[in-house]
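Q: Just dropping this structure here.
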Amino acid sequence: MYKRIYKAIQKYNTIVIARHIGVDPDAMASQIGLRDAILATFPHKKVYAVGTGGAKFSYLGSLDSYEEIDEKTLLIVLDTPDKRRVDCPNVDHFSYKIKIDHHPFVEKFCDLEWIQDKSSSTCELIIDFIYHTHLKKKANQAVMEKLFLGLVSDTNRFMFSNSSYHTFEIVSKVLKDYPLHITELYEKLYLRPLNEVRLQGYMGQNMKVTENGVGYIKISEEVLNSFQADVASSGNMINNFNYIEEVLVWVAITEDTKNELFKINIRSRGPIINTIAEKYNGGGHQLASGAKVMTMDEVDALIDDLDHACSKYIESMDRGGK
């Protein structure tokens with residue numbers, strides 16, 4: 001698979017690298033890291049990392065606008081299992097398409113697809129790809145810093161179960177080959193303004209918990225404005241509520257008046273949640289997913305479905321299941 005992807009990169013002089021809507025550090029770091037690694041090896045190529053960015057992730061670098069595509073343009077889609085969530089117009093118009101992803105399979109929409117749903121992150125896959133191809137010869141510390149940050153973000157500093165033997169093995173290689181300053185990198189990833197810390201306190205104080213262990217907080221535009229925060233702020237904090245004894249699944253529901261919807265971030269310590277998220281215009285991993293709904297009735301229905309999943313999970317654990 002490494003050779004097939006590399007040969008496609010060699011073949012095309014214009015390459016567009018896209019990822020999913022609703023950018024996060026793994027998605028953005030993987031596309032910028034891959035872009036810069038390709039340009040270091042093939043400086044004559046035109047390589048564009050595209051999509052709507054986020055000011056919170058400016059430390060990862062900048063995204064590109066790109067020229068009109070033609071019949072000789074390669075599209076590489078990262079961190080995205082289904083076509084509808086690709087943050088790039090005219091996906092079908094590219095002459096050749098490659099998918100590199102660590103989500104469970106949803107649909108095939110590219111000519112060549114490399115899916116490793118046991119991998120911790122797309123950044124782990126890109127590091128792996130670099131180490132197994134000629135991109136390694138020109139890869140530099142700046143590239144590896146970005147990919148390390150994306151991997152760390154998606155594993156929450158290696159605390160999630162998606163951190164495998166191979167995850168630590170590949171990180172060990174990076175740390176051996178490149179003098180990364182981990183403390184400084186973590187500061188870029190985790191430093192937050194005081195208003196967001198106060199918003200997190202509000203979320204903890206106002207979280208409601210269902211009978212079967214779904215912790216949820218509904219955040220209105222009025223609340224966001226009172227903390228001078230934006231829609232992304234509460235979603236970015238979802239991983240800070242990991243270890244609450246009474247909570248199996250925790251949910252942040254944030255009102256997005258600009259897009260006239262509710263943005264939902266979901267995490268779990270056991271119950272499978274991605275299949276539920278898929279019912280509500282979302283998806284993701286088994287224990288980390290997101291969704292978008294239009295009405296509060298849909299929000300309440302989602303919470304009910306999650307509560308039912310928790311009930312079934314508790315029953316299975318009581319019977320000695322896993």
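Read the figures in this text as sums done on the coordinates, not as results from a lab. Predicted model, so just to flag it, every value in this text is computed and none were measured. A quick note on method: Cβ atoms are made from the backbone with ideal geometry, for glycine too, and the neighbour counts reach across all protein chains shown.
Q: Take residue 197 and residue 226, extend 7 Å from each Cα along the Cα→Cβ direction, and tell me the distance between the two endpoints in nm.
A: Inter-label distance under the simple model: 2.0 nm.
Q: Please work out the C-alpha center-to-center distance from the range 172-251 to the range 274-322 and express it in whole Å.
A: With the range 172-251 and the range 274-322 each reduced to a Cα centre, they are spaced 20 Å.
Q: As an exercise, find the ratio Rg/Rh for the chain from alpha-carbon atoms, using the Kirkwood inverse-distance average for Rh.
A: Dividing the radius of gyration by the Kirkwood radius yields 0.97.
Q: Find which of 131, 104, 286 sits farthest along the positive direction of the dipole of the chain, computed with +1 on the beta-carbon of Lys and Arg, -1 on that of Asp and Glu, about the Cα centre.
A: Sorting the options by dipole projection puts first 131.
Q: Report, in degrees rounded to the nearest 10, the 0 to 90 angle that the Cα long axis of helix 122-131 makes with the longest principal axis of the chain.
A: 20 degrees
Q: For the chain, what is the mean residue ellipticity at 222 nm derived from helices alone (per DSSP H run of n ≥ 4: -39500 (n - 2.57); sum divided by total residues; nearest 500 deg cm²/dmol)?
A: -12000 deg cm²/dmol
Q: Specify which residue in the list 252, 6, 31 is farthest towards the positive end of the charge dipole of the chain, using unit charges on the beta carbon of Lys, Arg (+1) and Asp, Glu (-1), about the Cα centre.
A: Going by the Cα projections, it comes out as 6.
Q: Please determine, in degrees from 0 to 90 and to the nearest 10, the orientation of helix 165-177 with respect to the longest principal axis defined by the Cα atoms of the chain, where the helix direction is its Cα long axis.
A: Helix 165-177 sits at roughly 50 degrees to that axis.
Q: Towards the positive end of the charge dipole of the chain, with charges on Cβ (+1 Lys, Arg; -1 Asp, Glu), say which of 306, 151, 43 has the farthest Cα.
A: 43
Q: Calculate how steeply helix 2-11 sits against the longest principal axis of the alpha-carbon atoms of the chain, using the helix alpha-carbon long axis, and give the answer as 0 to 90 degrees to the nearest 10.
A: Tilt relative to the chain: about 60 degrees.
Q: Of 258, 146, 99, which is the most mobile in a GNM of the chain whose springs link Cα atoms less than 10 angstrom apart?
A: 258
Q: With each pseudo-label sitting 7 Å past Cα toward Cβ, what's the residue 316-residue 168 distance in nm, one decimal?
A: With each label placed 7 Å out from Cα toward Cβ, I get 2.7 nm.
Q: Students often get this wrong: which residues of the range 244-272 have the backbone nitrogen under 18 Å from the point 7 angstrom along Cα-to-C-beta of residue 58?
A: none
Q: Among residues other than residue 309 whose Cβ falls under 14 Å from its Cβ, what is the net charge (Lys/Arg +1, Asp/Glu -1)?
A: -2
Q: If I model a spin label as a point 7 Å beyond the Cα along the Cα-Cβ vector, how far apart are those points for residue 3 and residue 258 in nm?
A: According to this spin-label approximation, the distance is 4.7 nm.
Q: Nearest 20 debye, what's the magnitude of the dipole of the range 195-318 about its Cα centre given +1 on Lys and Arg Cβ and -1 on Asp and Glu Cβ?
A: 380 debye
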